[in-house]
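Comments concern the structure below.
The values are calculated or read from the model by the stated rules, or taken from the named source; none is laboratory data. From a predicted model like this one, the values you see are computed outputs, not experimental measurements. In this analysis, Cβ positions are derived from the backbone assuming ideal geometry, glycine residues included, and neighbour counts consider all displayed protein chains. Heads up: the accessible areas ignore ligands, DNA and RNA and are worked out on the full protein's heavy atoms, side chains in. Shrake-Rupley method; radii C 1.70, N 1.55, O 1.52, S 1.80 Å.
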Amino acid sequence: MDSGASLQDYCTHEAEVNPQRGKVAEVVDQVENLALVLAAVRTGGLRTRPELVRELGLGRNVISQRVGQLLDLGLLDEGRLAPSTGGRPSRQLRFRSEAGCLLVAELGATDLQVGLTDLGGELLDQRVERCDVAAGPEPTLGRLEQLFDELLSARPTGLPLWGVGLGVPGPVEFSQGRPIAPPIMPGWDAYPVRDRLSARYQAPAWIDNDVNVMALGELRAGIGRPESELMYVKVGSGIGAGLVSGGRLHRGAQGAAGDIGHVSVMDDESVLCRCGNTGCLEAIAGGYALVRDGLAAAQSGRSESLAAVLAKSGAVTARDVTAAAGAGDPVCLALLTRSGRLVGRVLATLVNFYNPSLIVMGGQVSAGEDMFLTELRRTVYGRATALATRDLRIKTSPLGDRAGLLGAAFLVADQLFEPHCLARWIESGSPTGHPELSSAAAA
Ligand SMILES: [Zn+2]
């Protein structure tokens, strides 16, 4: 729950259905300002008490009390005197990101990245390996847990685990922490990923669609830092978008917002998508489509360079297609520009609809040859309205592969410090040992 109104509804509801738990509602009320002050220091760049008073519109006493509580809780500390601006000099506040650690992971179609971060998204340790998500949840999560266990044993002594975050390549029902009918993840439909991880690690866990997680990474640690209206678009094997509006991820009612890969862009019923439908954007413009069409061009001999790749390696990858396009192969050039044009058309619609100030392009196809982005930009600027494109920037992701792991850390930290969640663990001093927090926060 994000808004003030829903917080109030929640408190009233709690008090009515369970008078004992009305106490929780009281704590939530007090914690709201605490969460506000913490967020201002943690993500808002505010450093001193006078800045907090000025920017948050709260009284000096309230700020002073809340900062005192956060210092006692070990969530903030204070250091050097800030440069004086005329009045009494004040000490600089800092979020204590070293108070705990997080286990984070990014599950792709063919690889698995896991990491250990602090609460501020600083990557302390990581592992990357090949993995086939289509093998199903048991072997995949079994291996993920082995890697998580390794990271935990190697972590600095005394660093408590505060939470677990995971991005997966498919639609996720966020409130329940499980994938729903993911096209490239057979066997994962409604699998309780969140509950399995939170029970194993006795800490709250959150899972989300991989592109949402990457959008958060770019928003907090990448090129999106000063922006509040951005879209992260991944063009890899599949295609998806993470939408940020008003500085927050827009997940929609169930968590499905931004799933643009299955927008219909063609009536041609012969192009079957992995979701079972026909004419979907990713079935024609994604990396998976480049491989299919590239292989056909190699086999028919229409592309000499891909035929040579196929003869040598026995396969054609999306990277082979983009590389051949870069070397001037006309068939691959046509495939890549078609991709850029079709993705660009869908993005032009989204630009008219959402009016973002920044589109961050990620994924293997976007990172390939310039002609994909050139065609995409030409289409977006040519088709979206003048006002929506006046200050629009379209950039490639500077974080690259790291966006997912960093985003997973921010996913967990953002949830832990939401007032509802904070209220439930604040008296214990930390969320360690409270696996129920992730399901309670979403209830
Ligand atoms: Zn589809």
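Among Asp149, Asp77, Asp391, the largest mean-square fluctuation in a Gaussian network model of the chain, built with springs joining Cα atoms closer than 10 Å, belongs to Asp391. Here the 3J(HN,Hα) profile of segment 287-304, calculated from phi with Karplus coefficients 6.51, -1.76 and 1.60 at θ = phi - 60°, is x, 4, 5, 4, 5, 4, 6, x, 5, 4, 5, 5, 5, 7, x, 5, 10, 5 Hz, Gly and Pro shown as x.
Put Glu32, Glu51 in order of accessible area, highest first, and with a 1.4 Å probe you get Glu32, Glu51.
Surface calculation, 1.4 Å probe, protein heavy atoms: Ile223 sits at approximately 40 Å² accessible. If you take the Cα centroid of segment 184-218 and the Cα centroid of segment 390-443, the two points sit 12 Å apart. Spin-label model, Ser357/Ser245: points 7 Å from Cα along the beta carbon direction are separated by 1.7 nm. Counting Lys and Arg as +1 and Asp and Glu as -1 over every other residue whose Cβ lies under 9 Å from the Cβ of Ala285, the net charge comes to +1. Each principal axis of segment 324-443 carries a Cα extent, and these read 64, 35, 22 Å when sorted largest first. Between Gln92 and Arg60, the FRET efficiency from the beta-carbon distance, with R0 = 22 Å, is close to 0.80. Here the dipole of segment 129-205 is about 160 debye; that uses its Cα centre as origin and unit charges on the Cβ of Lys and Arg (positive) and Asp and Glu (negative). Model label points for Leu71 and Thr349, set 7 angstrom from Cα along the Cα-to-Cβ axis, are 5.5 nm apart. Under 1.5 on a/c is rounded, so check that first for segment 310-387, then, if it is not, pick prolate when a/b is larger than b/c and oblate when it is not; a ≥ b ≥ c are the square roots of the alpha carbon gyration tensor eigenvalues. It is prolate, given that a/c is not under 1.5 and a/b is the larger ratio. Taking every DSSP bridge with both residues inside segment 86-213, close to 60 percent are antiparallel. For segment 373-386, 3J(HN,Hα) computed residue by residue from phi via the Karplus equation (6.51, -1.76, 1.60; θ = phi - 60°) reads 5, 4, 5, 5, 4, 4, 5, 5, 5, x, 9, 7, 6, 4 Hz, glycine and proline entered as x. Selection among Gly121, Leu387, Cys273 by position relative to the dipole of the chain gives Leu387 as farthest towards the positive end (Cβ unit charges, Cα centre). Think of each Lys and Arg Cβ as +1 and each Asp and Glu Cβ as -1; about the Cα centre, that makes the dipole of segment 51-204 roughly 720 debye.
Count charges around Pro156 for me, please; just the other residues with Cβ under 14 Å from its Cβ, Lys/Arg as +1, Asp/Glu as -1. Before the final figure, lay out the partial values.
Values: positive: Arg155; negative: Glu98, Asp118, Glu122, Asp125.
Taking every other residue near Pro156 into account, the sum is -3.
Peptides 209-221, 315-327 ordered by packing proxy, namely the average of other Cβ atoms within 10 Å per residue, highest first: 209-221, 315-327.
Accessible area per residue, 1.4 Å probe, Å², for the chain: what's the number? It would help to have the intermediate numbers written out before the result.
Details: 19490 Å² over 443 residues.
Result: 44 Å² of accessible area for each residue.
Reducing segment 286-358 and segment 137-182 to their Cα centroids gives an inter-centroid distance of 33 Å. Each residue, Glu227 and Ser264, gets one label point 7 Å from its Cα in the Cβ direction; the gap between the two is 3.0 nm. Across segment 394-437 the C-alpha pair distances fall into 5 Å bins from zero in the proportions 5, 20, 22, 16, 12, 9, 8, 6, 2 percent.
Beyond 36 Å, how much of the Cα-Cα pair distribution for the chain remains, as a whole percent?
Numbers: 31879 of 97903 pairs.
When every Cα pair of the chain is considered, 33 percent fall beyond 36 Å.
Could you check what % of the DSSP bridge pairs in the chain are antiparallel, to the nearest 5? Roughly 60 percent of the beta bridges in the chain run antiparallel, per DSSP. Electrostatic tally near Arg200: other residues with Cβ closer than 12 Å to its Cβ, Lys and Arg +1, Asp and Glu -1, net -1.
Taken one residue at a time, the phi angles of segment 344-358 give Karplus couplings (6.51, -1.76, 1.60, θ = phi - 60°) of x, 5, 5, 5, 4, 4, 5, 5, 5, 7, 9, 6, x, 9, 8 Hz. Gly and Pro are set to x. In a reduced charge model with +1 at each Lys and Arg Cβ and -1 at each Asp and Glu Cβ, the chain shows a dipole moment near 1140 debye about its Cα centre. Restriction of the GluC sites (Glu not before Pro) in segment 265-361 to DSSP coil positions whose beta-carbon has at most 12 other beta-carbons within 10 angstrom yields Glu269.
Pairs of Cα atoms under 8 Å, at least six residues apart: use those to get the relative contact order of the chain, whole percent. The value is 16 percent.
For a distance above 17 Å, tell me the whole-number percent of Cα pairs in segment 297-352 that qualify. The share of Cα pairs beyond 17 Å in segment 297-352 comes to 41 percent.
Amide H contacts of Gly100 (H built 1.01 Å from N, in plane; Pro and chain starts excluded): Leu119 sit under 5 Å, all sequence-distant by 5 or more or on other chains.
Could you give the length gained by full extension between Ala308 and Arg80, i.e. 0.36 nm per residue of separation minus their alpha carbon distance, to one decimal place? Please report the intermediate quantities before stating the final value.
Details: separation 228, 0.36 × 228 = 82.08 nm, distance 6.35 nm.
Contour length minus Cα-Cα distance gives 75.7 nm.
Dividing the alpha-carbon radius of gyration of segment 172-234 by the rule-of-thumb value 2.2 N^0.38 Å gives 1.32.
With each run of n ≥ 4 DSSP H residues scored as -39500 (n - 2.57), what mean residue ellipticity at 222 nm is computed for the chain after dividing by its residue count and rounding to the nearest 500 deg cm²/dmol? Please list the in-between numbers first.
Working: 17 runs with 204 residues, N = 443.
Result for the chain, helices only: -14500 deg cm²/dmol.
Measuring only protein heavy atoms, the 1.4 Å probe finds His262 accessible over about 60 Å².
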